[in-house]
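The values are calculated or read from the model by the stated rules, or taken from the named source; none is laboratory data. Predicted model, so just to flag it, every value in this text is computed and none were measured. Cβ placement follows ideal geometry from the backbone for every residue including glycine, while neighbour counts extend to all protein chains displayed. Note: areas computed on protein heavy atoms with side chains; ligands, DNA, RNA excluded. Shrake-Rupley method; radii C 1.70, N 1.55, O 1.52, S 1.80 Å.
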Amino acid sequence: MNTEKATFIPDKRKYLFLTDQKGLVILQHVIDAVVESNLPFELVFIGGSSEDETPQTDVSMWLSQQKMGNFLYVSLQWDKLDSIKRLAEDIGFSNEEAQYIGYGEKKTNVFCCRCHGITVVREKETSEEKELPEIRCKHCDLLLSVSDHYSSLRDAYLGYVAKL
Amino acid sequence: MQVDELRRFPYPFKGDMYRYSNNSTPLEHACSIEVTSGYLREIGLKRKLLSKYPERCYQSRSHTLQGQWEILEFVSEHLTTYHPDKFMVRKNGNEWTFINKLLREEQSFTFGDETTLPFEPLDFIGRHVQEDMIFMMQRDGDLFLDAGQLCFPANWSLAFNVGMSFKEIHQPIPGFNEEKLDERILKFIMQMEAGDPWWRKNWSLMAGNRLDASIETFDEWGQDRKKVTKENAGEFVHLRVEVQKLFRLPLTNGILFTIHTHLLPLKKLASKREWLEQFTNILAELPSHIAEYKGIVSYRNSVLQYLEERLKERR
Ligand SMILES: [Zn+2]
């Protein structure tokens, strides 16, 4: 599941960490807990400088080889997190077997209820506010209130008429 | 005429309160469509909307064509069986001619070959019936809205919902998930068998009399909610009822969901004492989260005042 903060889930067969430099900091306390408990783990690094970047095909291979009962932690920038999450889900990691922690600027697509145009909204990581503000559709200029109704086909949230 | 309209109106209520529930019952008269006196007007409106706003009114995923042909055959069968005076199909092997006598139209095509039709099969047959038609496909223990023709929606977007699973579609309904109604209804539909159709009625109130209450035009028709007063509610506000019918399609194992929308001005509803009393009680008691979702909150009091005045007159 998408969470704000990584939490250590005890008693798993093995722990898998998929992250980059910044994500490593976010996951550090979980890694510490795993090490402290003497549990097996693997860590795969992606991103950072181009030489040590692990291509997605290798990540896919690595995830596919994992056995049932292994627990996955992923921490990446929001825009990279989504594709990895989809990959992991396709491979068979359920919401109960993984945690995904994004950082940085989050981009949200908003589907305009009136014209069907997509407006990209950037959420700052510092933003404490859960509720997205009202936004203006960049195609038809309608003021939209962004709902939590999500379409994976459109990869977007539905924006409703904000003011009648 | 008025008596007939009241007699035919699919009045949806039982008891003195309303809650969300799986209120489906077996459909005795196993016909997916109904032809009413509004046929010509509504087909005209439907076709106008389809040509003007194709994306809003029609969506299909590429893997639905086989299912669409099954729907075309299924609905044609109903049309010609239950309304032989209005519809006919001539078949010579796969060479079909569909004849609509009400519209004086004929379309010849090769069954299974969509290049011989002017529209996709679901879009074609949908242009001959008053119903909106939704096609849900079943896979991985779930149902997905993979195609639909929707001209008269009750404030939702087919273009946005296409491809969604059953629970994703119903996510915006408050309390639906918390009460596990989505799960229960999904299970119920997945257990449906071919030859055993079900139906239910869904209702809301509508300020104005538009059949096309699409979310895409809510900024226009939603304004009408502000115009409701206790003086005009009888003519202006309508009880909107959707007759929804569910069929399991035997070949593709999908679900065909037909929606026939009916509107009745409150004035006519109030002319029937039983309905007037019952609906007044239901509206007065309706929990706020349901009233909110149905978009009634801003004018509920005006409507209630109108209904109570009618009740007083009758006492
Ligand atoms: Zn727009």
A:THR108 passes all but one of the listed conditions (1) within 14 Å of another protein chain (Cβ to nearest Cβ); (2) within 16 Å of the ligand (Cβ to nearest atom); the exception is number (1)
Meets criteria (basic (Lys, Arg), open to solvent by 60 Å² or more (accessible area, probe 1.4 Å) and over 18 Å from B:GLN149 (Cβ atoms)) for B:ARG61 = no
So which helices (runs of 4 or more DSSP H) stay within segment B:1-104 end to end and still have 1 or more residues that are at pLDDT 95 or above and touching a helix residue (DSSP H, G or I) at 6+ places or on another chain (Cβ under 8 Å)?
-> B:39-52, B:54-57, B:65-82
Contact list, first residue from segment A:142-156 and at positive phi, second anywhere and assigned to a strand (DSSP E or B), beta-carbon distance below 8 Å, six or more apart or interchain, is A:ASP155/A:ASN109
Of the conditions (1) away from the ligand (no atom under 16 Å from the Cβ); (2) more than 16 Å from the chain's Cα centre (by Cα); (3) open to solvent by less than 20 Å² (accessible area, probe 1.4 Å), A:CYS137 clears all except one; give me its number.
-> (1)
Qualifying position, being under 28 Å from B:ALA159 (Cβ atoms), away from the ligand (no atom under 13 Å from the Cβ), modelled with pLDDT under 90 and not charged (D, E, K, R), among A:LEU153, A:LEU81 | A:LEU81
Could you tell me whether any residue of segment B:281-292 is within 14 Å of chain A (Cβ to nearest Cβ) and at negative phi?
-> yes
B:ALA207 vs (1) open to solvent by 10 Å² or more (accessible area, probe 1.4 Å); (2) within 14 Å of chain A (Cβ to nearest Cβ): all pass except (1)
Scan segment A:54-79 and report the pairs whose first residue is farther than 16 Å from A:GLY92 by Cα and among the hydrophobic types (A, V, I, L, M, F, W, C) and whose second residue is open to solvent by less than 30 Å² (accessible area, probe 1.4 Å) and not in a loop (DSSP other than H, G, I, E, B), with Cβ atoms within less than 8 Å and a gap of 6+ or a chain change.
-> A:LEU76/A:LEU18; A:LEU76/A:THR19; A:LEU76/A:GLY23; A:LEU76/A:ILE84; A:LEU76/A:GLY102; A:LEU76/A:TYR103; A:TRP78/A:GLY102; A:TRP78/A:TYR103
Report whether or not B:SER76 is of a type in the set (Ser, Thr, Tyr), closer than 23 Å to B:LEU50 by Cα, surrounded by fewer than 15 Cβ atoms within 10 Å (Cβ to Cβ) and out of contact with any Cys (no Cβ under 9 Å at 6 or more places or on another chain).
-> no
Is segment B:158-165 home to any residue that is out of contact with any helix residue (DSSP H, G or I) (no Cβ under 8 Å at 6 or more places or on another chain), open to solvent by 60 Å² or more (accessible area, probe 1.4 Å) and within 14 Å of chain A (Cβ to nearest Cβ)?
-> no
Residue among B:ASP140, B:ASP146, B:ASP132, B:ASP196 that is of a type in the set (Asp, Glu) and either within 30 Å of B:ASN232 (Cβ to Cβ) or under 13 Å from the mean Cα position of the chain (by Cα) (or both) | B:ASP132
Could you look through segment B:173-226, keep only residues that are basic (Lys, Arg) and out of contact with any strand residue (DSSP E or B) (no Cβ under 9 Å at 6 or more places or on another chain), and pick out the one that is nearest to B:ILE290 (Cα to Cα)?
-> B:LYS180
Name, by its number, the condition in (1) under 29 Å from A:CYS115 (Cβ atoms); (2) away from chain A (no Cβ under 14 Å); (3) more than 17 Å from the chain's Cα centre (by Cα) that does not hold for B:ARG184.
-> (1)
